Structures are given as structure tokens and as C-alpha cells.
1. If we keep just the residues of the range 61-76 that are part of a helix (DSSP H, G or I) and over 19 Å from ILE138 (Cα atoms), which is modelled with the lowest pLDDT?
2. If you take the residues in the range 147-162 that are touching a helix residue (DSSP H, G or I) at 6+ places or on another chain (Cβ under 8 Å) and outside any helix (DSSP H, G or I), which one is farthest from ARG131 (Cα to Cα)?
3. Can you tell me how many residues in the range 145-184 are in contact (Cβ under 8 Å) with a residue 12 or more places away in the chain and within 30 Å of ASP67 (Cα to Cα)?
4. Restricting to the range 63-84, name every residue that is touching a strand residue (DSSP E or B) at 6+ places or on another chain (Cβ under 7 Å) and either surrounded by fewer than 20 Cβ atoms within 10 Å (Cβ to Cβ) or of a type in the set (S, T, N, Q) (or both).
5. With respect to VAL162, determine if the residue is surrounded by 14 or more Cβ atoms within 10 Å (Cβ to Cβ), farther than 23 Å from ARG34 by Cβ and modelled with pLDDT under 80.
6. Looking at this structure, is LYS192 closer than 19 Å to GLY60 by Cα, in contact (Cβ under 8 Å) with a residue 40 or more places away in the chain, of a type outside the set (S, T, N, Q) and surrounded by fewer than 18 Cβ atoms within 10 Å (Cβ to Cβ)?
7. I want to confirm something. Restricting to the range 172-189 and keeping residues that are among the small types (Gly, Ala, Ser) and over 19 Å from the mean Cα position of the chain (by Cα), which single residue is surrounded by the most Cβ atoms within 10 Å (Cβ to Cβ)?
8. Checking the condition among the β-branched types (Val, Ile, Thr), out of contact with any Cys (no Cβ under 7 Å at 6 or more places or on another chain) and at pLDDT below 70, which residue from VAL20, VAL79, VAL38, VAL58 passes?
Amino acid sequence: MTERYRAGVEHDAQVLGELVRELLPSIEQKVRGRLGSVVRADGDTQDIVQEALLEVLVHGPSFATTDRSRFCRLLLCIVENNIRDRYRHLHRGKRDRRREAGTATDSVLELDPPLRSISSPSQHAAAAERREWVVLAIELLAPEDRDVIRLRDWDELEFEAVGERLGISGEAARKRYHRALPRLADKVVELKRGGG
């Protein structure tokens, strides 16, 4: 199923439907256990998880791996973060910055190591791949780290404006950002090594 997902679920409603039916029960159970109070405050758990799963599968970062448990772990993490973002958006009245910069692309990250030697990609392709690794890694960071990186790098806000959005001082936003960057780099390395 992960190979069919890689082919582009946004273009194949049947594949998307099968994937959601297959993954929803286990992801819903795990989300209910971890985010029960957050989800219950917002409505019916199954509907919220299904909506978040669809959002991730259609608009989230594309990645492929033959390791089914890894695929599910990564999806679960991104779905949970999507739900946390939605909850904060609804309850803090802030706009959802994720749709502005984290849009789906034609690039697919290969999470499995190559089985054969491949030729070096062009600089453009290499830059696009690096960006996809970073987008996926950002989706897996803690909410505080994701927010400060998105506001600073994607929205290109000055630290004072970042601080205002986060309810902290500009100096605190600068420090939070500089602490988040090494965690982002570590997450990219962890993903490339097969973790997640």
C-alpha cells in the first residue's frame, strides 16, 4: 500500500479511500490514547482523526518506505501534530500557517537506502530533495519548535513579530529558534538513517 501511496493519492480516490480505511482504526486508537482530552474537546474523535489523516495524505510531505511500521509511525506523528495545530488554531484564534508553506510537491523522499548506485542528481533536484527532508522533519518536531521555525523561516517574520505571535518576547523567540534548529537538523539525520 505504501508504494501506491507514493504514486500520488491525490490523483486516485480509490487508493486514498483504501489507505484511510486500512490505517484509520489503528491511528485513531493511538491518537485517542495520546490526545484524548484534546480531541474530545473538539468533537468526535473518528471524524477529527480521519480529517487529519486525509489532510496529511493529500497535502503533507510525500515519503516512501517498504517498512510498514515506520510508515505508520511517521504518519501517526504527523497526524497528531496536525490535530495539535488545529486545536491551537481553533482555541487561540491564530491562522493555520502550515498550508501556506507546507504544500505537497511532486518530490517523494526515499526513506529506504538505495539498493544500487545512482548517479548524482542535478543541483536543482538535490535542493528540492533537501527541502523535502526539512519539510518532513519539521512535521515531526515538537509544536514549539515547529511554530518558531515556520514563523521565522516560512513567514519570514522578524523575531519581535515571531514573539508577538507566540506570546513571548522577541529575545525569547530568537533563543527558541536557535535551540530548535539543531533539533531540526538532528531529525533530518535521524530520518535519513532510517529512524523516525
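The values are calculated or read from the model by the stated rules, or taken from the named source; none is laboratory data. Computed from a predicted model, the values in this text were never measured in an experiment. Here Cβ is always computed from backbone atoms with ideal geometry, including for glycine, and neighbour counts include all displayed protein chains.
1. Per the stated criteria, the residue is ARG68.
2. Filtering first and then ranking leaves GLU158.
3. The total comes to 9.
4. The answer is ALA64, and nothing else.
5. Considered against the rule, which asks whether it is surrounded by 14 or more Cβ atoms within 10 Å (Cβ to Cβ), farther than 23 Å from ARG34 by Cβ and modelled with pLDDT under 80, VAL162 comes out as no.
6. Yes.
7. ALA173
8. VAL38
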